[in-house]
Amino acid sequence: MNINAFLRLLRQHLPLLILLPILTAATAWFTTRNEPKVFKSESTLYTGLASGYSLTSDKQAAFGDRSASAFDNLLTTLYSKETMLQVGVNLLADHLRLQQPDSLVLGSVSFRKLQTEIPLSLRYQLPINGDVEPLRAALDSLSKSQTNNPVKDLLLTSETYYSVRHLTETLKGTARKATNDILLMEYTADDPAVAQNTLRYAISVLNQRYSLFKTSETNSVVGYYEGKLAAAKEKLDQAEVNLKAFNVRHNVLDFDAESKNVAASQEALSREYSQEQMRRDAAKASIDMLDKRTAMVIPNALSIWNMIVCRTYFQSSIPDELVEAAELDGCSDLQTIWHVVLPLSAPIIAVIGLFYAVGHWNSYFNALIYLTSANLYPLQIILRNILVLHQMDATMI
């Protein structure tokens with residue numbers, strides 16, 4: 001067959017070649033359109049605790065594989081009713097806390113189905129808001145109640161994600177292969193978030209329960225040594241008490257401890273003495289300032305308001321170019337102030353002088369507080385005595 005014959009044959013059967021794949025695809029879609037989607041979640045769990053292997057196990061001469069029955073115990077713990085019930089309770093608690101479907105927790109179809117399973121009256125009685133632990137405790141209590149309730153039916157007898165029977169049938173644990181310490185776990189569901197979270201809770205609950213079983217095996221030994229340790233500590237405490245009583249009774253001094261106490265007391269006393277001496281010197285300096293003219297000068301020597309006014313004047317009225325020109329001419333800082341700044345500051349000097357003159361003319365209260373000798377009274381006190389007290393002493397003049 002040459003190429004022309006092949007092309008002619010292809011043109012004759014072209015409709016059939018196009019329609020047959022389309023018909024096949026349509027038939028496959030029509031027959032499988034209502035098939036439920038199944039999602040599988042897998043995880044591997046290291047079980048070194050079960051086999052007893054550690055970093056030093058290969059250095060032990062008599063080390064052997066002691067995990068023949070350990071894996072059976074591990075799988076028995078996984079498939080126990082208490083483990084499955086705890087997994088269902090944790091999963092149901094997360095789903096009941098949802099206010100709307102969440103693709104990471106529960107899909108929309110399963111969310112609507114759960115709304116019908118748990119009546120609204122029961123939801124109001126459950127601690128859904130807040131921490132999840134009270135909700136899990138309430139669900140666990142309802143599952144173990146003597147009377148029937150929706151939560152108990154959902155966790156024990158239903159065909160939902162939360163029932164013990166459904167979890168036992170769909171949650172699979174495969175024992176290790178050869179001599180490795182890996183446990184393969186898998187779970188299938190029609191909701192991807194449920195598949196993932198169920199396996200996560202199964203691993204968490206299995207770790208908790210198996211660790212509890214393993215630690216309970218050594219509780220008696222640990223308790224024995226804890227009791228011996230407590231008794232030894234009690235004897236040591238009693239011996240210390242007796243030794244202290246002997247020292248007190250026979251006036252025995254611990255020279256190291258006493259020397260430390262004396263040094264600490266001396267240091268504290270020296271520090272306290274220095275602080276009191278500083279307070280005394282400060283008080284004495286303040287008292288020495290009384291009834292002197294310096295008491296009238298020093299407290300009012302600088303006014304913050306006047307300083308701000310001067311600073312604002314210097315920044316806004318004296319150009320920086322004049323200062324730079326003076327520096328270029330070789331003036332020092334003092335020469336710049338004397339020859340440039342002060343000649344331009346006559347207005348602010350006059351204003352500040354007027355402020356101080358008016359302030360001191362009207363001020364009599366400081367003199368009334370700090371001065372006690374009549375010969376040191378300023379004119380304001382004399383005028384006050386004339387106006388307020390209506391009397392005048394010749395010694396004031």
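Cross-link pairs exceeding 29 Å in C-alpha to C-alpha distance, out of LYS81/LYS214; LYS144/LYS228; LYS81/LYS113; LYS81/LYS228; LYS144/LYS172; LYS113/LYS144, comprise LYS144/LYS228; LYS81/LYS228. Taking 7 Å steps out from each Cα toward its Cβ at THR116 and ALA264 produces label points 7.7 nm apart. Summary of packing: across the peptides 165-172, 130-137, the per-residue average of other C-beta atoms within 10 Å ranks them, highest first, as 165-172, 130-137.
The order of SER80, SER103, going from fewest to most other C-beta atoms within 10 Å of their C-beta, is SER103, SER80.
Each reported figure results from applying straightforward, stated rules to the coordinates on display, with no laboratory input. As the structure is a computational prediction, the values presented were derived from the model and not from experiment. No Cβ is skipped: glycine too gets one built from the backbone with ideal geometry, and neighbour counts run over all protein chains shown.
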